[in-house]
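What follows is a set of notes on a single structure, which appears directly below.
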Amino acid sequence: MGIISRGFGGRRRTAEDARVPPGQYLTDGFPVLSAGPTPRVTEEDWRFSITSEAGDTVTWTWEEFLALPQERPHTDIHCVTRWSKLDTEWTGVGLDTLLESVDTAADFALAYSHGGYTTNLPLEDLAGGQAWVVHAFGGEPLAPEHGGPARLLVPHLYFWKSAKWIKGVRLLDHDEPGFWEQAGYHPYGDPWREQRYWGD
Amino acid sequence: MTEYLDANALAGALSEVFSVDLTSSWRRCSVCGHTGAFAELHVYTDCPGQVARCPSCQTVVLRLVRSGDTLWLDLGGTGCLRVELR
Ligand SMILES: [Zn+2]
């Protein structure tokens, strides 16, 4: 029995390895990373806004947000602190859906959160089915320590781009570095190219 | 659960940059006016770097990111430090 288990585990590990970017290790846990106190935001007070480069703002309440078409991304996530987690399941609204309400020709976006966190991305990385504002993880409401009531999910970039406690997105003509990007981290953060720090 | 440490957690990294021990200095916050020992800062280390916050208003006092022999130090929210040189 031991031999069969090891053999099966070995084959599965090989398939998983191809899904793990360079310099990363797999974890079954879900480490909590935080650069400040955990904001407590009630669903009643929650709002999500997108502001265009012209200054026009669209805002959704929690009810309005839940009434939008819901998607269930199933994806792998990669943290710059070197852990990766496979097969995570989320529920939320695609940024494509949210951006339909906004008239924009911007090239960049700055996500901002309760507690003051920010992170920058090219707008094209928020579009094309690559990004969501999620409110559930594994079928359960997203816990505050993981960014609940809602966080950004942009799984093709390092997880610091998936801003917890998201409050809104500002669309910009220029790239504006966010919280970690101002302090040495890479402006883009592609885990497959190991873009961890400035100059990587 | 305590999410943060005190600023003695920064002593090692800061001693590589500064010749005086900043953790023994006093700080006046430029945002809320709070005055207190630098060592009382709330330091968050379970994140991609080290983040020190004012114990009174939670403003980010400094951000420190380390990669091999390179260190990035953002002192943007430090305010005024009083450092005794001897
Ligand atoms: Zn303060």
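The values are calculated or read from the model by the stated rules, or taken from the named source; none is laboratory data. In this text the structure is predicted, and so the values were computed from the model without any measurement. As a convention, Cβ positions derive from the backbone with ideal geometry for all residues, glycine included, and neighbour counts pool all protein chains shown. Please note that ligands, DNA and RNA were not included when accessible areas were found on the heavy atoms of the full protein model with its side chains. Shrake-Rupley method; radii C 1.70, N 1.55, O 1.52, S 1.80 Å.
Being crowded, with 18+ Cβ neighbours inside 10 Å and away from chain B (no Cβ under 14 Å) holds for only one residue in A:92, A:184, and it is A:92. Residue B:31 meets the stated requirement of being within 14 Å of chain A (Cβ to nearest Cβ), among the aliphatic types (A, V, I, L, M) and over 30 Å from residue A:194 (Cα atoms).
When the residues of segment A:149-170 are filtered to those that are open to solvent by less than 10 Å² (accessible area, probe 1.4 Å) and in contact (Cβ under 8 Å) with a residue 60 or more places away in the chain, the one that is farthest from residue A:125 (Cα to Cα) is A:150.
Among the strands (runs of 3 or more DSSP E) confined to segment A:128-180, the ones with at least 3 residues that are more than 17 Å from residue B:46 (Cβ to Cβ) are located at A:132-137, A:166-172.
The test for being open to solvent by 60 Å² or more (accessible area, probe 1.4 Å) and either closer than 24 Å to residue A:159 by Cα or within 16 Å of the ligand (Cβ to nearest atom) (or both) holds for residue B:76. Of everything in segment B:22-43 that's within 10 Å of the chain's Cα centre (by Cα) and open to solvent by 10 Å² or more (accessible area, probe 1.4 Å), which residue is nearest to residue B:62 (Cα to Cα)? Per the stated criteria, the residue is B:42. Out of A:45, A:17, one residue alone is modelled with pLDDT of 95 or more, over 18 Å from the mean Cα position of the chain (by Cα) and acidic (Asp, Glu). It is A:45.
Is it the case that segment B:39-48 has a residue that's away from every other protein chain (no Cβ under 14 Å) and of a type outside the set (A, V, I, L, M)? Checked segment B:39-48: at least one residue is away from every other protein chain (no Cβ under 14 Å) and of a type outside the set (A, V, I, L, M). With respect to the conditions (1) within 16 Å of the ligand (Cβ to nearest atom); (2) over 16 Å from residue A:37 (Cβ atoms), residue B:70 lacks only one, and its number is (1). For segment A:48-67, the tally of residues that are under 19 Å from the mean Cα position of the chain (by Cα) and open to solvent by 40 Å² or more (accessible area, probe 1.4 Å) stands at 1. Of all the residues in segment B:51-70, those that are within 11 Å of chain A (Cβ to nearest Cβ), farther than 14 Å from residue B:41 by Cα and open to solvent by 50 Å² or more (accessible area, probe 1.4 Å) number 3.
Residues in segment B:1-45 that are more than 16 Å from the ligand (Cβ to nearest atom) and assigned to a loop (DSSP other than H, G, I, E, B): B:1, B:2, B:3, B:16, B:17, B:18, B:19, B:20, B:21, B:45. Identification of strands (runs of 3 or more DSSP E) wholly contained in segment A:33-123 with 1 or more residues that are among the β-branched types (Val, Ile, Thr) yields A:47-51, A:57-61, A:74-78, A:83-94, A:118-122.
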